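Before any comments, here is the structure.
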Amino acid sequence: MYRFFVCLLVLALTAQWTSAAWVLKESADRPAPTGLEFTELRVQGDSGEATLWIVSFDPKACAFAVMDNPTGAFDLGTASEKRGVLAGVNGGYFHPDRTPLGLVVRQGVEIHPLEHAKLLSGVLSVTSTTITLQRTAAFKGSSAVREALQAGPFLVEKEKPINGLEATKEAARTVVFQNAKGRCGFLICKSTTLAGMADLLATSSLFPEGKISRAMNLDGGTSTALWVRGTPPFYAREWKSVRNYLAIVPR
């Protein structure tokens with residue numbers, strides 16, 4: 001009887017692993033400004049296809065920056081053009097009255113303080129020399145932090161998908177990440193669950209330039225957007241006005 005239950009457990013775990021498998025169907029490099037790599041991936045999983053647009057950079061040459069949008073006057077495209085950034089995505093969560101959820105720091109000024117909530121499990125922070133993606137509990141604020149954005153949930157840590165993520169609700173996703181080779185970046189995915197997104201990001205065969213070592217979910221759904229400088233720019237447009245954006249800028 002014991003062996004029977006062990007076999008059932010092994011089969012269940014095997015089925016769970018198989019359902020999380022993602023296979024690359026197509027990869028294409030897209031035009032991007034100097035210093036950025038911009039790639040489109042089409043992948044296949046048991047639950048269907050997903051399309052990702054991925055932008056990455058060397059943190060010695062570029063950094064993240066927050067673009068605030070308190071009144072909703074700018075969409076991502078106009079904000080990116082106005083600021084002169086290389087690329088941008090939608091940023092963190094916010095209340096209906098546009099008050100941010102969690103820590104937001106822009107150009108050394110704290111726009112909103114750190115919060116402790118299950119959803120807000122991570123912090124992206126930038127100093128003059130470093131970019132750090134870490135758990136909220138590990139974040140130590142200081143005057144050296146020039147840009148910061150708190151969001152969540154964490155999707156990948158130490159190259160492994162986080163267990164227990166929501167696995168039934170599909171939506172567009174926006175993710176910020178660091179890989180094993182030290183590159184940083186963000187991406188958007190047309191539609192998948194949080195658990196599916198984590199499994200996809202932890203599939204090393206999809207990311208030959210370096211395994212994703214850490215990844216954090218940003219605001220998604222109808223907020224999801226990506227803009228990359230070019231002639232013309234690439235713009236996957238958001239469906240609603242958001243409070244802030246996360247940009248890539250030269251150091």
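Within this structure, residue 109 fails the test of being closer than 15 Å to residue 224 by Cα and at pLDDT 95 or above. When segment 130-147 is filtered for residues that are surrounded by 14 or more Cβ atoms within 10 Å (Cβ to Cβ) and either at pLDDT below 95 or over 20 Å from residue 67 (Cα atoms) (or both), the ones remaining, listed by number, are 134, 135, 136, 139, 141. Taken together, the criteria place residue 78 among residues that are β-branched (Val, Ile, Thr), closer than 30 Å to residue 114 by Cα and either in a helix (DSSP H, G or I) or at pLDDT below 95 (or both).
So that you can scan it fast, the table gives a plain yes or no per residue for (1) surrounded by fewer than 16 Cβ atoms within 10 Å (Cβ to Cβ); (2) assigned to a strand (DSSP E or B); (3) aliphatic (A, V, I, L, M):
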site	(1), (2), (3)
110	yes, yes, no
116	yes, no, no
119	yes, no, yes
128	yes, no, no
149	no, yes, yes
156	no, yes, yes
164	yes, no, no
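Between 68, 75, the distinction of being surrounded by 16 or more Cβ atoms within 10 Å (Cβ to Cβ), out of contact with any strand residue (DSSP E or B) (no Cβ under 6 Å at 6 or more places or on another chain) and touching a residue at least 12 places away in the same chain (Cβ under 8 Å) belongs to 75 only. Set side by side, the residues 196, 185 differ, and just one is buried (at least 22 other Cβ atoms within 10 Å of the Cβ), touching a residue at least 60 places away in the same chain (Cβ under 8 Å) and within 19 Å of residue 63 (Cβ to Cβ), which is 185.
The values are calculated or read from the model by the stated rules, or taken from the named source; none is laboratory data. Owing to the predicted nature of the structure, the values given are computational and were not obtained by experimental measurement. When we count neighbours, we look across all protein chains shown, and the Cβ atoms used for this are built from the backbone with ideal geometry, even at glycine.
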